[in-house]
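What follows is a set of notes on a single structure, which appears directly below.
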Amino acid sequence: MGRHEQREQVFKLLFRVEFNLPEDMPEQVRLFTEDNEEVPLQKDADYIQERFSKILEKLPEIDKLLNEHAEGWNTQRMGKVELTVLRLAIYEIVFDEDIPDSVAINEAVEIAKTYGQSASGGFVNAVLAKIAKLDK
């Protein structure tokens, strides 16, 4: 499984955060990884779970950045797909030094185009461009 596929699986798992209570997330992680045909190898499942946990840990900081820098938007108003994509990408831009900002942004835009609405890619790109400038 390549990085893009892993990132997409992290996105799918992270998407569940908006629909479940925090105390239900361990069970959601178990359900997600159990018999998930899209994640055939245990090493990929472990990577996805670890990545998800790291992002979840940083969500308050990530959401603060979003609320401060997404002009005219906040995390309560954003679509769930866009919010989830932004959370994943902001984690990669701000907290993961191994992933170049341009890769995080490009991947986020692609995921937004796949799972979001027609304007999702442009919205995600604009917000992440601002966040990436702050990170320099």
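Assorted remarks:
- Accessible area of residue 102 in the full protein assembly, 1.4 Å probe (Å², nearest 10): 70
- Relative contact order of region 23-136, pairs being alpha-carbon contacts under 8 Å that are 6 or more residues apart, as %: 21
- All C-alpha pair distances within region 1-54, sorted into 5 Å bins from zero, spread as 4, 21, 36, 24, 11, 4, 0 percent across the bins.
- Area of residue 123 that stays accessible when all protein chains are in place (1.4 Å probe, Å², to 10): 50
- A simple spin-label model places pseudo-atoms 7 Å from Cα toward Cβ; at residue 59 and residue 27 they are separated by 1.6 nm.
- Spatial separation of Cα centroids for region 1-25 and region 106-128, in angstrom: 17
- For the chain, built as a Gaussian network whose Cα springs stay under 10 Å, the top-fluctuating residue of 38, 27, 82: 27
- For region 26-67, the fraction of C-alpha pairs more than 12 angstrom apart is 64%.
- On the basis of the beta-carbon distance and an R0 of 30 Å, residue 80 and residue 42 show a calculated FRET efficiency of 0.55.
- Estimated translational D of the chain in µm²/s (Stokes, Kirkwood radius over Cα pairs; 20 °C; 1.002 mPa s): 143
- Charged side chains reduced to their Cβ positions (Lys and Arg at +1, Asp and Glu at -1) give region 83-122 a dipole of some 320 debye around its Cα centre.
- Computed with the Debye formula from one identical point scatterer per Cα of region 91-136, without solvent, the log10 of I(q)/I(0) at q = 0.18, 0.26 Å⁻¹ comes to -0.49, -0.89.
- Taking the charge dipole of region 1-108 about its Cα centre, with +1 at Lys and Arg Cβ atoms and -1 at Asp and Glu Cβ atoms, the residue from 25, 86, 6 reaching farthest to the positive side is 86.
- Point-charge dipole on Cβ atoms (K/R +1, D/E -1) for region 52-121, about Cα centre, debye to 20: 380
- Charged-residue dipole, Cβ positions (Lys, Arg, Asp, Glu), the chain about Cα centre, Debye nearest 20: 500
- Tilt relative to the chain, helix 120-134 - C-alpha long axis, 0 to 90 degrees, to 10: 70
The values are calculated or read from the model by the stated rules, or taken from the named source; none is laboratory data. Computed from a prediction, not measured in an experiment: that's the story for all the values here. When we count neighbours, we look across all protein chains shown, and the Cβ atoms used for this are built from the backbone with ideal geometry, even at glycine. We work out accessible area using only protein heavy atoms, side chains counted, and drop any ligands, DNA or RNA first. Shrake-Rupley method; radii C 1.70, N 1.55, O 1.52, S 1.80 Å.
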